[in-house]
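Peer 1: Sending over a structure as structure tokens; questions will come in a sec.
The values are calculated or read from the model by the stated rules, or taken from the named source; none is laboratory data. Because the structure is a prediction, the values reported are computed rather than measured. Counting neighbours? That spans all protein chains shown, and the Cβs are built from the backbone with ideal geometry, glycine included.
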């Protein structure tokens, strides 16, 4: 059929460009109130008193909820949601009160006027390698084991002809979707309706039902339009609990929008990671030993471990491997998912080390990777369902014009600009989860497809309608699709690049059943039409005999200003093997968007954990630099046709995250090629680059240009 | 943000009177920094005296060839003004290197001068800051201070002034005109901002109730080659890590006039008088520029994480000065 | 002294009249209320977005008297008599969307859509500013003053840098602006 693979325009596009699309805070219900949290100002301790008299005296302030009088909730399963339930302060920025008022201005004034007393305890927020409280966790985020060994990595490294032993550092990173976390809750008797900015409202409903002791049938959670998430809206965050609690308490609709400056400490962050990579190879560039040792932090209340050494279990044919994660519980905000958790920082380190290995070997970095292509997944021994990394590298090299690249660094300049190119590989696992969906044929000849997918900007609505149109064998225009409400058939979240595969599988099945039923149907349709449902529980989550991953290759060209140390990416190109690409228009936007975030990770993004205060001083969008227009060149995303029969009925591997994997390494490797300086800590800001250039003793271009 | 009274002034006298009538009042211009700081709780005015409708929104060429820029001229209009672009290009370039198109459309000339540091500890009322709350301490000295001052800092404060525009004004020998109850006075732009010393709460020499009414660009520097350059973490829309404004005139193979100011290195735009003295009368060579910059920056006292600013500022100064040397003089 | 605003009973509110998308509105405005909140909460015009509330993201960009500004930093009470255009009013009385809105659709110049109204309003301002001869940081300083500035991709990027997009739609946004500016190439897809 024709719908899939066509560059269909976003179905909700007209609403978004005219301002008609409504997001979670944009529901002006009668009598609505606005609530603002009060963040803790100590890094560890206990609330001993809250004086709300000044706040309550302000015009417009309706109520102040505090740890000792807020409605009691059941355990949520996620400790970050246990807000205002006890006086403990596990980290700075933890919410210790909530001011509810009749306007955003009054809520802000009220929050400023709340006076909180603490019993402060000494804290430790500083991550360092060899921290005495570091331990190897059983299980990482994503349920991967914390440590894996194959053969004798240590012995093979000691015996290797060529060795690379290097450390890298990735700072805390922040998702910062453009729409802050926001929720509007409204109780109507025993019925609760919540508009929330979420990557999956089925799970939000389950959590609220548990916490508020309410049957799921009495709760509707809606996320029609979501202003980005990148992992930070993957599970419910405190805003939705606070809004629901405040609405319950006041009996009126309540909106909670988390102020931008509170987001870094309250919605999760990518934990900082300290990497040690040891690569041993023979003189032909074949890896004999690979060790990836990661140290990271988590909070006191929740163990979340960024699985940065996991991609090393997938990538290269090293017979001796050791991958291990060490985590330290510190008095820091709880880290969480950020686009390609694990893969993004892990592949930065691994792919930078591979570049260093190529250097040590005097070999082309594309070739080194090709030489280490495994026959089966190194960690599991499973065959790959499909793996076209080598093709991505070759196709990328061809498109990029890699051939003829200067074999030594610091060979090209353009006036004061030092020029270089770099490459890095990318990988991301195929994930798919059970989902339900329904499809309905209506008498007017149209079809209604329902699934509680979340369109966080991916184009989920559009691609699911395309899947439905093909399964029904009808033109796209005849398909209407409803997503983004927990009243629709239950579905997993938009995360792990799993959405399209998971929801699409169920939509495909429901539509297939409906088509079969229609084929057998005689006469006109009944007034309510015909409806079919599907649920992929038991099929989508069946264990696969194959190792299933998407692969890709990133190529970057950079210019480094020898005067200032400023780095500009002049060209960024990605080639992906990610199964079937279902909508090239929206797919390209996702690839390019993730590469842009990778560019930010390489050059501009990063925060600091303040040792004295326990938060991130780069708390807002002036201090935390997400890339701006001027940072981003014309980015090219390509893909190779990949037909993998071991995935799902629609044949896609997931594309939302792989674009950020390895991108920072490609840029960093290009900076090394331009300057001869190997910088091993992100981001590559002018302070680091200029200092590195000066340390070489060759700060400027070797042949100074005019002027 | 607490509530406040609002007064719209129609004349300078009205503005001053309203200010005096409301203890704790602030003048409001474009508001791009003041409203931001009010939302943060850093500024808590009891009243705002809106001066945006005063007739101070013109750029006027005076008979002596100098230029008078009304304090309410918006940053974008200042940068686009043909007389400014042609006569004092460093000023136009500096303004365009700052903020965003939207902010420049709202921000005023006077307000730009009076904007406050972006030190994250100053902006966070839950943390100590001697500038915001004298005597409370400084979170930056041992904390995050990569963006902070390397010149002229004090025990109490290491904040850097964030303006780009003010750096150009300092290099160009501009003057700031102030209106107050005691009358009108002029202050050299390079002396308008203070070093922190024991009183970091005072950014400038302005007295309570005084209003910036104009900035004056001297005829002497009109048409002289000048330029501004800034290094930053993003390619656009970021504050300077370091910047340089310079004006350079060469006659008979030697430097006849030079003005140099550094941005983001100190609590105020740092006029590089030592470097200027060293260059005056010297041949405009790269080596001379390097020596001059080193001489000026010898006073730098970097902290743990901002030592890079010294070579960065040096490189910027040498680069900008080298570009200002007329082609035939270039060595 | 100047005009003291607000009735005696409430020194913290003032009657303020603005024209929004061509329609006059007179409201009793809390002095603390910024234009963004007036649009979103008083007029239910939620197209302008609150991304940071501090002038650091551009999602709130609207046009005031034809100039693009961050509506989150403008106190509404100061805008008495001003003319405000939001994304909802860009097409005016015309039929169908503004050319930039159409170009954003055609180029897939957005994903989540949250920065989009600000990007579009900002782009309207960019085109007008360039036409009026306003230079940018990347304009050649020796370019003649007071004449329209041609907008190449670097100019568009620099001028739109006050509008952050976390989805990374930047290259497509530049495509869309080029299309409307008449300097673009034809869509590839």
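Peer 1: Can you report the number of residues in region B:68-77 which are within 14 Å of chain C (Cβ to nearest Cβ) and outside any helix (DSSP H, G or I)?
Peer 2: Matching residues across region B:68-77 total 3.
Peer 1: Something else now. Kindly provide the set of residues from region C:130-169 that are in contact with a strand residue (DSSP E or B) (Cβ under 8 Å, 6 or more places away or on another chain) and outside any loop (DSSP other than H, G, I, E, B), ordered by number.
Peer 2: none
Peer 1: Further question on the same structure: Where in region A:499-590 are there strands (runs of 3 or more DSSP E), lying fully within it, with 2 or more residues that are within 25 Å of residue A:402 (Cα to Cα) and within 14 Å of chain B (Cβ to nearest Cβ)?
Peer 2: Here the list reads A:549-561, A:567-577.
Peer 1: Have a look at A:205, A:210, A:149 and point out the one that is surrounded by fewer than 23 Cβ atoms within 10 Å (Cβ to Cβ) and either within 14 Å of chain C (Cβ to nearest Cβ) or outside any strand (DSSP E or B) (or both).
Peer 2: On inspection, the qualifying residue turns out to be A:210.
Peer 1: Residue A:199 versus (1) outside any helix (DSSP H, G or I); (2) more than 18 Å from the chain's Cα centre (by Cα): which is the lone unmet condition?
Peer 2: (2)
Peer 1: For region B:89-111, name all the residues that are in a helix (DSSP H, G or I), touching a strand residue (DSSP E or B) at 6+ places or on another chain (Cβ under 6 Å) and facing chain C (nearest Cβ under 7 Å).
Peer 2: Passing the criteria: B:89, B:93, B:102, B:105, B:106.
Peer 1: Let me ask you something else. Quick one: which residue in B:40, B:28 is in contact with a strand residue (DSSP E or B) (Cβ under 7 Å, 6 or more places away or on another chain) and facing another protein chain (nearest Cβ under 9 Å)?
Peer 2: Details: B:40 fails: in contact with a strand residue (DSSP E or B) (Cβ under 7 Å, 6 or more places away or on another chain).
Being in contact with a strand residue (DSSP E or B) (Cβ under 7 Å, 6 or more places away or on another chain) and facing another protein chain (nearest Cβ under 9 Å) holds for just one of B:40, B:28, which is B:28.
Peer 1: Mind checking whether some residue in region B:6-29 is within 19 Å of the chain's Cα centre (by Cα) and part of a helix (DSSP H, G or I)? Spell out how you get there, then give the answer.
Peer 2: Of the residues in region B:6-29, the ones within 19 Å of the chain's Cα centre (by Cα) are B:27-29.
Narrowing the set further to residues that are part of a helix (DSSP H, G or I) leaves none.
Among the residues of region B:6-29, not one is within 19 Å of the chain's Cα centre (by Cα) and part of a helix (DSSP H, G or I), which makes the answer no.
Peer 1: Take region A:620-646 and flag every residue that is surrounded by 23 or more Cβ atoms within 10 Å (Cβ to Cβ), touching a residue at least 40 places away in the same chain (Cβ under 8 Å) and more than 24 Å from residue A:347 (Cα to Cα).
Peer 2: Passing the criteria: A:620, A:621.
Peer 1: So, one more: Within the group A:65, A:58, which residue is on the phi < 0 side of the Ramachandran plot, modelled with pLDDT of 95 or more, over 29 Å from the mean Cα position of the chain (by Cα) and within 14 Å of chain C (Cβ to nearest Cβ)?
Peer 2: Answer to the check: A:58.
Peer 1: Collect the residues in region C:36-65 that are in a loop (DSSP other than H, G, I, E, B), over 16 Å from residue A:259 (Cα atoms) and either at the interface with chain A (Cβ under 7 Å from one of its Cβ atoms) or in contact with a helix residue (DSSP H, G or I) (Cβ under 7 Å, 6 or more places away or on another chain) (or both), keeping them in residue-number order.
Peer 2: Scanning region C:36-65 gives C:44, C:45, C:46, C:47, C:48.
Peer 1: Please determine, by comparing only the residues of region A:1-57 that are in a helix (DSSP H, G or I) and not assigned by TED's automatic domain parsing to the domain that holds residue A:105, which one is nearest to residue A:116 (Cα to Cα).
Peer 2: The initial filter retains those residues of region A:1-57 that are in a helix (DSSP H, G or I), namely A:13-18, A:53-56.
Narrowing further to those that are not assigned by TED's automatic domain parsing to the domain that holds residue A:105: A:13-18.
Values: A:13: 46, A:14: 47, A:15: 43, A:16: 41, A:17: 44, A:18: 44 Å.
Step by step, filter region A:1-57, then rank; the result is A:16.
Peer 1: Return the pairs, sorted by first residue and then second, in which the second residue is part of a helix (DSSP H, G or I), the first residue lies in region A:582-596 and is assigned by TED's automatic domain parsing to the domain that holds residue A:655, the beta carbons are less than 6 Å apart, and the residues are 6+ apart or on different chains.
Peer 2: A:582/A:463; A:583/A:463; A:591/A:659; A:594/A:659; A:594/A:660; A:595/A:659; A:595/A:663
Peer 1: To continue, here is another question. For region B:114-146, give me the residue count where each residue is in contact with a helix residue (DSSP H, G or I) (Cβ under 8 Å, 6 or more places away or on another chain) and within 10 Å of another protein chain (Cβ to nearest Cβ).
Peer 2: Going through region B:114-146 one residue at a time, the tally reaches 10.
Peer 1: Does residue A:489 satisfy being closer than 27 Å to residue A:220 by Cα, in a loop (DSSP other than H, G, I, E, B) and modelled with pLDDT of 95 or more? Walk me through how you get there before you give the answer.
Peer 2: Details: closer than 27 Å to residue A:220 by Cα: yes; in a loop (DSSP other than H, G, I, E, B): yes; modelled with pLDDT of 95 or more: yes.
Here the answer is yes, as residue A:489 does meet what is asked.
Peer 1: Here's another thing I want to ask about it. Please go through (1) surrounded by 24 or more Cβ atoms within 10 Å (Cβ to Cβ); (2) more than 12 Å from residue B:268 (Cα to Cα) for residue B:169 and return the number of the only condition it doesn't satisfy.
Peer 2: If we test residue B:169 against (1) surrounded by 24 or more Cβ atoms within 10 Å (Cβ to Cβ); (2) more than 12 Å from residue B:268 (Cα to Cα), just (2) comes out false.
Peer 1: Still on this model: Scan region B:49-67 for residues that are out of contact with any strand residue (DSSP E or B) (no Cβ under 6 Å at 6 or more places or on another chain) and at the interface with chain C (Cβ under 8 Å from one of its Cβ atoms) and report the count.
Peer 2: The total comes to 1.
Peer 1: For residue A:141, only one of the following conditions fails: (1) crowded, with 17+ Cβ neighbours inside 10 Å; (2) in contact with a strand residue (DSSP E or B) (Cβ under 9 Å, 6 or more places away or on another chain); (3) closer than 30 Å to residue A:44 by Cα. What is its number?
Peer 2: The single condition residue A:141 does not satisfy is (2).
Peer 1: Turning to a different aspect of this structure: Does residue A:443 meet the test of being closer than 30 Å to residue C:109 by Cβ and surrounded by fewer than 20 Cβ atoms within 10 Å (Cβ to Cβ)?
Peer 2: Taking the combined requirement at face value, the residue does not satisfy it.
Residue-wise test of (1) touching a residue at least 40 places away in the same chain (Cβ under 8 Å); (2) under 27 Å from residue B:238 (Cβ atoms); (3) touching a strand residue (DSSP E or B) at 6+ places or on another chain (Cβ under 6 Å); (4) outside the structural domain of residue C:119 (by TED's automatic domain parsing).
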| residue | (1), (2), (3), (4) |
| --- | --- |
| C:51 | yes, yes, no, yes |
| C:73 | no, yes, no, yes |
| C:81 | yes, no, no, yes |
| C:94 | no, no, no, yes |
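Peer 1: Output the number of residues of region A:103-143 satisfying the condition of being in a helix (DSSP H, G or I) and touching a helix residue (DSSP H, G or I) at 6+ places or on another chain (Cβ under 9 Å).
Peer 2: Looking only at that region, the number is 8.
Peer 1: Does any residue of region B:307-324 turn out to be out of contact with any helix residue (DSSP H, G or I) (no Cβ under 7 Å at 6 or more places or on another chain), at pLDDT 95 or above, away from chain A (no Cβ under 14 Å) and over 19 Å from residue B:164 (Cα atoms)?
Peer 2: For region B:307-324, residues out of contact with any helix residue (DSSP H, G or I) (no Cβ under 7 Å at 6 or more places or on another chain), at pLDDT 95 or above, away from chain A (no Cβ under 14 Å) and over 19 Å from residue B:164 (Cα atoms): absent.
Peer 1: Could I ask something else about it? Quick one: which strands (runs of 3 or more DSSP E) lie wholly within region B:125-229 and hold at least 3 residues that are over 16 Å from the mean Cα position of the chain (by Cα)?
Peer 2: It comes to B:183-188.
Peer 1: Restricting to region B:78-88, count the residues that are more than 9 Å from chain C (Cβ to nearest Cβ) and in a helix (DSSP H, G or I).
Peer 2: So the count comes out to 2.
Peer 1: Sticking with this one: Confirm whether residue C:125 is facing another protein chain (nearest Cβ under 8 Å), modelled with pLDDT of 95 or more and part of a loop (DSSP other than H, G, I, E, B).
Peer 2: Working: facing another protein chain (nearest Cβ under 8 Å): yes; modelled with pLDDT of 95 or more: yes; part of a loop (DSSP other than H, G, I, E, B): no.
Spelling it out, it is not the case that residue C:125 is facing another protein chain (nearest Cβ under 8 Å), modelled with pLDDT of 95 or more and part of a loop (DSSP other than H, G, I, E, B).
Here's the yes/no breakdown for (1) in contact with a strand residue (DSSP E or B) (Cβ under 6 Å, 6 or more places away or on another chain); (2) within 7 Å of chain C (Cβ to nearest Cβ); (3) at negative phi; (4) buried (at least 22 other Cβ atoms within 10 Å of the Cβ):
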{"position": "A:2", "(1), (2), (3), (4)": "no, no, yes, no"}
{"position": "A:6", "(1), (2), (3), (4)": "no, no, yes, no"}
{"position": "A:9", "(1), (2), (3), (4)": "no, yes, yes, no"}
{"position": "A:19", "(1), (2), (3), (4)": "no, yes, no, yes"}
{"position": "A:24", "(1), (2), (3), (4)": "yes, no, yes, yes"}
{"position": "A:27", "(1), (2), (3), (4)": "yes, no, yes, no"}
{"position": "A:30", "(1), (2), (3), (4)": "no, no, yes, no"}
{"position": "A:37", "(1), (2), (3), (4)": "yes, no, yes, yes"}
{"position": "A:40", "(1), (2), (3), (4)": "yes, no, yes, yes"}
